[in-house]
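Working notes for the structure below.
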Amino acid sequence: MQSLLKINGLHKSFGNLEVLKGIDLEVNQGQVVSIIGSSGSGKTTLLRCVNLLEEFQAGEIVIEGQLIGYRDKGGRRSSISEAEKARQRALTGMVFQTFNLFPHLSALGNVTLGLRKVLKQPRAEAEETAAHWLDRVGLSERKDYYPSQLSGGQQQRVGIARALAMAPKLMLFDEATSALDPELVGEVLQVMTDLASEGMTMLVVTHEMSFAKDASTRVVFMNEGVIAEEGPPDTLLTNPKHPRLQDFLARSQR
Amino acid sequence: MIEDFSNTLVTATPFLLGSLWFTITISAMSIVIGTAIGLLLGLASAYGGWVTRFLVRIYVDIVRGIPGLVKIFTVFYLVNALLSEVAGFTLSAMACGVVALSIHASAQVSEMARGAIQALSKGQTEAGKAIGLRFWQVQFYVIYPQAIRQILPTWVTSSTEIVKGTTLLSLISVPEFFITIRELAAREFLYIQFYGFAMIVYFLLNFSIELLGAHLERRYSRY
């Protein structure tokens, strides 16, 4: 089993507030890691450091052996160009809580944009690839619809297709279902579960305990900027050791 | 009343057409140049460091604070005086008009553009970055299409203001449309007719800009 993502001693502050206080995490190829925790625990920030939407002050992030975000010049960090960062972002795909679809493009347009402008695919090829991914998320009939004409669940599935079409090594889900009506959560979770069973490496920040329990290889509980507990879903969720995690799970019972 | 007017109109047509052409040319040039500069300034103040933002802020505040006619006079007298001292040439009245009106438009467009860019959610830029787009790609393919839709109505208003502003150029002796109207009206004592005619012409000019704006809105508003 090959290490896909390795995070060592990650520290991140917003001004004076330290939000990530030394994170160590390893994700192997094909694993699905769910990150749970209260608001403010740093889980979203952690995800956003992995695809360089946030800068971090100390520590290392390595994806498939590549050092991410900074260059190592004999032990000292040296910054890299925006172009290099853009290339590193292509290793990951991100699905946002608020979908962030491009409203002026159709579903097909949303998916083809990256294919044409980043991967430089010609238009016909890009549209074929995009149509394929939209079909995979169950939206082939709606490919010419605009985001405003789609339900929340459909928009999020377009968001997933958009990220997958770029063939990332690692998929990052930032509370992908938190902004959805309860009835629409199911269709998105289904796509995510199918993706997991097909072997995609996923890092999923979520409040959906059902996904954490049924679809993940491992669950990570974050609290106040550190990983407080980590383990397989069956043991961690039914037999939590850390007191904060016990509180958290008790409060999460519906 | 109508007979005199239509006779004069026929004789005066070449002068009127010539000066109308001036008005249209000056308006078009000022709108295009002003918009281009304004978009660059808007971009700079949306993304620039504090020095850039400060400089653009000063520019916009000064330009917007000075009345249009004063700007025109400033360019015609002050700037020309400087130019003849320093560089040995002066700008024609028409060029001064274009410069002054372009500056006027640029300040307005700059604020429109900055506002529209900043109003777009951070999520749009992040989604663009997340699929690997670089800064300029995010600007061209994600930000601008949305920002332009936003500013279109205000831009139409700003452009019609420029057309109306060309009438002020008569005061620096630019042979634009309105001064020709005034001269004809005074010479023939047909004030009502000529001013009425001018009203219709300017309305039509600005209405075509509005139609263009509406067309662009329809074409790009496929939300």
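The values are calculated or read from the model by the stated rules, or taken from the named source; none is laboratory data. Note that this is a predicted model, so its numbers are computed, not measured. Using ideal geometry, Cβ is built from the backbone for each residue, glycine included, and neighbour counts are taken over all protein chains shown.
So, residue B:101, is that one buried (at least 19 other Cβ atoms within 10 Å of the Cβ) and more than 30 Å from residue A:119 (Cβ to Cβ) or not?
yes
So that you can scan it fast, the table gives a plain yes or no per residue for (1) more than 25 Å from residue B:147 (Cα to Cα); (2) β-branched (Val, Ile, Thr); (3) surrounded by fewer than 16 Cβ atoms within 10 Å (Cβ to Cβ); (4) touching a residue at least 60 places away in the same chain (Cβ under 8 Å):
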| position | (1), (2), (3), (4) |
| --- | --- |
| B:33 | no, yes, no, yes |
| B:46 | no, no, no, yes |
| B:49 | no, no, yes, no |
| B:52 | no, yes, yes, no |
| B:61 | no, no, yes, no |
| B:64 | no, no, yes, no |
| B:67 | yes, no, yes, no |
| B:78 | yes, no, yes, no |
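Restricting attention to the stretch B:107-115, does a residue exist that is crowded, with 21+ Cβ neighbours inside 10 Å, at pLDDT 95 or above, of a type outside the set (A, V, I, L, M, F, W, C) and within 18 Å of residue B:163 (Cα to Cα)?
There is at least one residue in the stretch B:107-115 that is crowded, with 21+ Cβ neighbours inside 10 Å, at pLDDT 95 or above, of a type outside the set (A, V, I, L, M, F, W, C) and within 18 Å of residue B:163 (Cα to Cα).
Sort out which residues of the stretch A:144-153 are within 14 Å of chain B (Cβ to nearest Cβ) and without any contact (Cβ under 8 Å) to a residue 40 or more places away in the chain, and write them in order of number.
Narrowing the stretch A:144-153 to residues within 14 Å of chain B (Cβ to nearest Cβ): A:144-150.
Selection gives A:144, A:145, A:149.
Take residue A:86 and tell me if it is farther than 22 Å from residue A:248 by Cβ and in contact with a Lys or Arg (Cβ under 9 Å, 6 or more places away or on another chain).
yes
Please go through the stretch A:114-135 and pick out each residue that is in contact (Cβ under 8 Å) with a residue 40 or more places away in the chain and of a type outside the set (Val, Ile, Thr). Full working, then the answer.
Residues of the stretch A:114-135 that are in contact (Cβ under 8 Å) with a residue 40 or more places away in the chain, as a first pass: A:114-115, A:118-119.
Scanning the stretch A:114-135 gives A:114, A:115, A:119.
Per-residue answers, yes or no, for (1) more than 18 Å from the chain's Cα centre (by Cα); (2) hydrophobic (A, V, I, L, M, F, W, C); (3) modelled with pLDDT under 95; (4) closer than 18 Å to residue A:41 by Cβ:
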{"residue": "A:166", "(1), (2), (3), (4)": "no, yes, no, no"}
{"residue": "A:173", "(1), (2), (3), (4)": "no, yes, no, yes"}
{"residue": "A:187", "(1), (2), (3), (4)": "no, no, yes, no"}
{"residue": "A:249", "(1), (2), (3), (4)": "yes, yes, yes, yes"}
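Which residue, of A:82, A:183, A:141, A:128, is surrounded by fewer than 18 Cβ atoms within 10 Å (Cβ to Cβ) and within 14 Å of another protein chain (Cβ to nearest Cβ)?
Testing whether each residue is surrounded by fewer than 18 Cβ atoms within 10 Å (Cβ to Cβ) and within 14 Å of another protein chain (Cβ to nearest Cβ) leaves just A:82.
Please determine, by comparing only the residues of the stretch B:117-143 that are over 14 Å from residue A:52 (Cα atoms), of a type in the set (S, T, N, Q) and more than 7 Å from every other protein chain (Cβ to nearest Cβ), which one is surrounded by the most Cβ atoms within 10 Å (Cβ to Cβ).
Checked the stretch B:117-143; the qualifying residue surrounded by the most Cβ atoms within 10 Å (Cβ to Cβ) is B:139.
Out of (1) touching a residue at least 24 places away in the same chain (Cβ under 8 Å); (2) surrounded by fewer than 20 Cβ atoms within 10 Å (Cβ to Cβ), what's the single condition that is false for residue B:186?
The number of the failed condition is (1).
Out of A:195, A:164, report the one residue that is in contact (Cβ under 8 Å) with a residue 60 or more places away in the chain and buried (at least 19 other Cβ atoms within 10 Å of the Cβ).
Exactly one residue qualifies, and that residue is A:164.
Hey, among A:156, A:88, which residue is surrounded by 24 or more Cβ atoms within 10 Å (Cβ to Cβ), touching a Leu at 6+ places or on another chain (Cβ under 9 Å), within 14 Å of chain B (Cβ to nearest Cβ) and within 22 Å of residue A:202 (Cβ to Cβ)? Show your work before the answer.
On the way: A:88 fails: surrounded by 24 or more Cβ atoms within 10 Å (Cβ to Cβ).
The match here is A:156.
Scanning the stretch A:93-125 for residues that are surrounded by fewer than 18 Cβ atoms within 10 Å (Cβ to Cβ) and among the hydrophobic types (A, V, I, L, M, F, W, C), which turns out nearest to the other protein chains (Cβ to nearest Cβ)?
So the residue we want is A:119.
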